[in-house]
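What follows is a set of notes on a single structure, which appears directly below.
The values are calculated or read from the model by the stated rules, or taken from the named source; none is laboratory data. None of these values were measured; they are calculated from a predicted model. We place every Cβ from the backbone using ideal geometry, glycine too, and count neighbours over all the protein chains shown. Surface accessibility is based on the protein's heavy atoms, side chains included, excluding ligands, DNA and RNA. Shrake-Rupley method; radii C 1.70, N 1.55, O 1.52, S 1.80 Å.
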Amino acid sequence: DQQVKQNSPSLSVQEGRISILNCDYTNSMFDYFLWYKKYPAEGPTFLISISSIKDKNEDGRFTVFLNKSAKHLSLHIVPSQPGDSAVYFCAASPDVLFGNEKLTFGTGTRLTIIP
Amino acid sequence: DTGVSQNPRHKITKRGQNVTFRCDPISEHNRLYWYRQTLGQGPEFLTYFQNEAQLEKSRLLSDRFSAERPKGSFSTLEIQRTEQGDSAMYLCASSFPPFSGGKLNEQFFGPGTRLTVL
């Protein structure tokens, strides 16, 4: 069962415009959500995270929105730049201090920024 | 550079052979995780360590898989009698200990070891 879903395998956006990547989850125990970016032949790189006590977190051009009642989160990138072209993974875990913080990942969305 | 490193980066082996991968985490991290990623999927959790103690193993980790972290620093993942279905990218990640200013969930990944079983 896919507990974290990214229903768009790919997305193309014009340079300078906004990129919106979506993620849905089913497990109510998830309280902490992360976005990772992955280039070919590299491991995932942490981008931004959000705890369920918030509904928005910003870091420069990246903003993550969380709608806990809908079990939905989204990553906004504005303005989009060619270097943003990569595969983006949504991940989730329980927000615990001493438990197992294993991450459950979605299947990824390949973002292509068109110059 | 103090990132997570993994060796080898690529491994090609014949079915039935044993393989071993190594992960060196960020030095101040006491938690270490192994994930596996197959084509078109996101990383899937395999196991994790706190210092030298292996605290959880996924049901994905069959008896042919064993992971160790003998001194609480680097870790090894061994696959015995490899099968073609073991072909995947094996990712290692590490995270800060509690109350160190970082969040445990924010895991830092290495570049991975790509295994191909012929």
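Comparing A:F65, A:F30, A:F46 in a Gaussian network model of chain A where C-alpha atoms under 10 Å apart are linked, the largest mean-square fluctuation is found at A:F46.
Computed from Cα atoms alone, the Kirkwood hydrodynamic radius reported for the protein assembly as shown is 18.2 Å.
How do B:H29, A:H76, B:H10 rank by accessible surface area computed with a 1.4 Å probe, from largest to smallest? Can you show the working numbers first?
Numbers: B:H29 5, A:H76 40, B:H10 130 Å².
Largest accessible area first, the residues go B:H10, A:H76, B:H29.
On full extension, the segment bounded by B:T2 and B:K57 gains 17.1 nm, given 0.36 nm per residue less the C-alpha separation.
Can you figure out the FRET efficiency of A:S10 with A:S52, using R₀ = 35 Å and their beta-carbon distance, to the nearest 0.05? List each step's numbers first, then the result.
Working: r = 28 Å, r/R0 = 0.81.
Between A:S10 and A:S52 the formula returns 0.80.
Per-atom-type breakdown for segment B:1-81 gives carbon and sulfur 43% of the accessible area (1.4 Å probe, protein chains only). Cross-link reach is defined here as a Cα-Cα straight distance under 25 Å, omitting same-chain residues fewer than 8 places apart; for A:K37 the lysines meeting it are A:K5, A:K54, A:K56, A:K68, A:K71, A:K102, B:K11, B:K103.
Using a 1.4 angstrom probe on heavy atoms only, work out the carbon and sulfur share of the accessible area of segment A:1-110 in %.
Numbers: 2610 of 5210 Å².
Roughly 50 percent of what the probe reaches on segment A:1-110 is carbon or sulfur.
Expressed as a fraction of 2.2 N^0.38 Å, the C-alpha radius of gyration for chain A is 1.02. When both segment B:43-81 and segment A:61-75 are represented by their alpha-carbon centers, they are found 32 Å apart. Using a 1.4 Å probe over protein heavy atoms, the accessible area lost on pairing A with B, summed over both chains, comes to approximately 2000 Å². Taking a straight line from the alpha carbon of B:K57, these aspartates and glutamates sit under 19 Å away, with near neighbours fewer than eight places off in the same chain left out: A:D1, A:E101, B:E44, B:E68, B:E78, B:D86. Averaging the sequence gap over all C-alpha pairs within less than 8 Å and six or more residues apart, then dividing by the number of residues, gives chain A a relative contact order of 37 percent.
Heavy-atom accessible surface of B:T38, to the nearest 10 Å², is about 50 Å², with a 1.4 Å probe and all protein chains retained.
Solvent-accessible surface of protein heavy atoms, probed at 1.4 angstrom with all chains present, puts B:R22, B:R15 in the order B:R15, B:R22, largest first. For chain A, modelled as a GNM with alpha-carbon contacts under 10 angstrom, which of A:Y39, A:Y88, A:Y25 fluctuates the most? In the Gaussian network model the winner is A:Y39.
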